[in-house]
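Worksheet: the structure to be examined is printed underneath.
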Amino acid sequence: MNPNYTLDDTGWQALIHTVGEKFNDLTIKRGFQYFKQERVRPLKISNTGHVEALVEGNDDDHYRVDINLDSLSTSHCTCPVPSHCKHMIAVLLEYVSLQGRSVHALVNAHSTATFKQPVKSSSYDNSSYTNKMAIDQKAALSTKLQEQASKIPSMSIFQWHEVFKLSISPIGFNSPNAQYAKNALASIYTIQPQLSPALDQLFELHAHLFVLERLVKPSQHIPSNAPMYMGYYTQIAADDMQGEIKRILSKDLAISDESEHWIRITETLSYVRSLMLLESKSLKYFAEVYDQLWLNWIGPNLKDKTMYLEELHHLKSSEDALGNTLSRLPWLLAQSQMYFYLDQDEQAWELLQAANKGSILPPSRLLHFLHALATAEEWARLQDWLITIGPMLSSPREEHLTEYMEFWEKVIRHSPDSEQHMWKSLISMLPYSKTVYEETLLAYGKWQQWMDYQLSTGKEPLEFRVSVMQPIDKNAPELLLPFYHQAVERYILLKNRVSYKAAVKLLKRLAKLYKKMKQEERWEEFITTFASRHSRLRALQEELRKGKLIS
């Protein structure tokens, strides 16, 4: 491994080999699920080649993982599994992701090592299916495809999908995995005719949407209110396809000079909406496509709000049309999004609160609204949204709260009076906002409030890095006195050597504080009385002498 512990190609291959050797396939797959669920807290990479992180387990348990990049065998985790656990895999995947390496290459490390052996040929190999087709059948299919492909520029979106279905028929559908997705896309692109810029973008989008639907199609037969579990390799392929769709939609739509093709945008919306409203509650592929479609392609190209009203009508009528098969969460979120675009925030909030029963809303769906308002520089509205959705973001997972606070900072820069609302919101979100609340108090110089909070929660001074205490030590040292004194008394009550050492450590800090405040006489009086009061605790007296606090 390099001294700076970035992965070069040699180190990367060595890591893949070691993971494949040390971890079984089931452990890797479970670790991958933890990684996908973002259970790994931010990594800490030391200059000695150790990667440390907290991993959120089940039932709100947290496990501390220490990965030795130079020797995985010496790595450890605080979970009950003796070695090579799923939490280690989750941390390794987070690490290689940050290094820009392929997560899936590491996930497949064990299976790749296991299956690197010759495969016996089958008497009927699916890959040779096309070669075994009768010449006349192949010719007929090719002729039909050419004829259909030539009409694509004038076809509707729904007719495109029929042509796509015809084009992939030779490859079959035995294994819904990444290779299938690759082959299906290749087959579709072979029939693509010359298209205008806007149609070319739409064609690319629908090619990927078609393949994504094929990958998750078995789930469409499951009621939307029932959980659905995809196969591991299918999920990888679907995730990759979703990533490509997000990339396609992130580019501006070249529709301004081709307004005649706007009908295909409305057809695309209808297609995506229909899939979203029937999607199993454990999936969110088409709901995210729906959001991106509005955000990046439809919204920026609208001249008025008519289409938002029309979409709201379509969504409301879906409840009667779909009945029990309706996927209610994306249905509620989509309506709240339309009300948001119509500047009807009260209705949007009401729907979001209905959708958030049971605290199931993903933070990204809520932050989407804040991003849109910040981009539009609607600071008054953004303040109202921050106040309203703050409680919805309250959860044991704090990562999204940092982004939430960045929006507050933007609002306060434009309207300083908004600061009072920020404090009320953070307090209402406690205890989940604890970390950002403390950090913000320090950032704003609220020393007294910070100290009051620590005293009220029984926090120990030694839990904080010295750098955290330095601003208070510099600006309001007197506030540290009760914090340190109370902690010393708690340590003494534990009556063991370790607690005595901790107490002496704090007493040394107190001595410096009294000296800084020019109250040496008060300190001498205190330490003399303290030592006399605890004179029968011999171990404490020894630690006081070692610390040169008494003679």
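Numerical summary
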read-out	value
Single residue of 376, 354, 348 found to be without any contact (Cβ under 8 Å) to a residue 40 or more places away in the chain, under 26 Å from residue 290 (Cβ atoms), surrounded by 20 or more Cβ atoms within 10 Å (Cβ to Cβ) and of a type in the set (A, V, I, L, M, F, W, C)	348
From 288, 310, residue being over 20 Å from residue 357 (Cβ atoms) and either modelled with pLDDT of 95 or more or aromatic (Phe, Trp, Tyr) (or both)	310
Residues of region 443-465 that turn out to be in a helix (DSSP H, G or I) and more than 31 Å from the chain's Cα centre (by Cα), as a count	9
Options 543, 489, 520: the member that is among the charged types (D, E, K, R) and open to solvent by 80 Å² or more (accessible area, probe 1.4 Å)	520
Any hit, region 91-110, residues being farther than 22 Å from residue 21 by Cβ, in contact (Cβ under 8 Å) with a residue 24 or more places away in the chain and surrounded by fewer than 17 Cβ atoms within 10 Å (Cβ to Cβ)	yes
Any chance residue 388 is touching a Leu at 6+ places or on another chain (Cβ under 9 Å), open to solvent by 20 Å² or more (accessible area, probe 1.4 Å) and free of Cβ contacts under 8 Å to residues at least 60 places away in the same chain	yes
Per-region count, region 193-231, residues modelled with pLDDT under 90 and in contact with a Phe, Trp or Tyr (Cβ under 8 Å, 6 or more places away or on another chain)	1
Enumeration of residues in region 242-279 that are among the hydroxyl-bearing types (Ser, Thr, Tyr) and within 23 Å of the chain's Cα centre (by Cα)	250
Residue within region 17-27 that is surrounded by fewer than 14 Cβ atoms within 10 Å (Cβ to Cβ), over 18 Å from residue 86 (Cβ atoms) and among the acidic types (Asp, Glu) present	no
Single residue of region 63-90 satisfying the filter (outside any loop (DSSP other than H, G, I, E, B) and free of Cβ contacts under 8 Å to residues at least 12 places away in the same chain) that is surrounded by the most Cβ atoms within 10 Å (Cβ to Cβ)	76
In region 3-26, the residues that are among the small types (Gly, Ala, Ser) and modelled with pLDDT under 85	11, 14
Matching entry among 430, 507 (being open to solvent by less than 60 Å² (accessible area, probe 1.4 Å) and modelled with pLDDT of 95 or more)	507
Odd one out for residue 254, checked against (1) open to solvent by less than 20 Å² (accessible area, probe 1.4 Å); (2) of a type in the set (A, V, I, L, M, F, W, C); (3) farther than 14 Å from residue 213 by Cβ	(1)
Per-region count, region 466-499, residues in contact with a helix residue (DSSP H, G or I) (Cβ under 7 Å, 6 or more places away or on another chain) and outside any helix (DSSP H, G or I)	1
Filter result (under 18 Å from residue 99 (Cβ atoms) and in a helix (DSSP H, G or I)) within region 34-59	35, 36
Selection from region 317-338 of residues that are open to solvent by less than 30 Å² (accessible area, probe 1.4 Å) and assigned to a helix (DSSP H, G or I)	318, 330, 331, 332, 333, 334, 335, 336, 337, 338
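The values are calculated or read from the model by the stated rules, or taken from the named source; none is laboratory data. It should be emphasised that the depicted structure is a prediction, and the values quoted were computed from it without experimental measurement. In this analysis, Cβ positions are derived from the backbone assuming ideal geometry, glycine residues included, and neighbour counts consider all displayed protein chains. Keep in mind that these areas ignore ligands, DNA and RNA; they rest on the heavy atoms of the full protein, side chains included. Shrake-Rupley method; radii C 1.70, N 1.55, O 1.52, S 1.80 Å.
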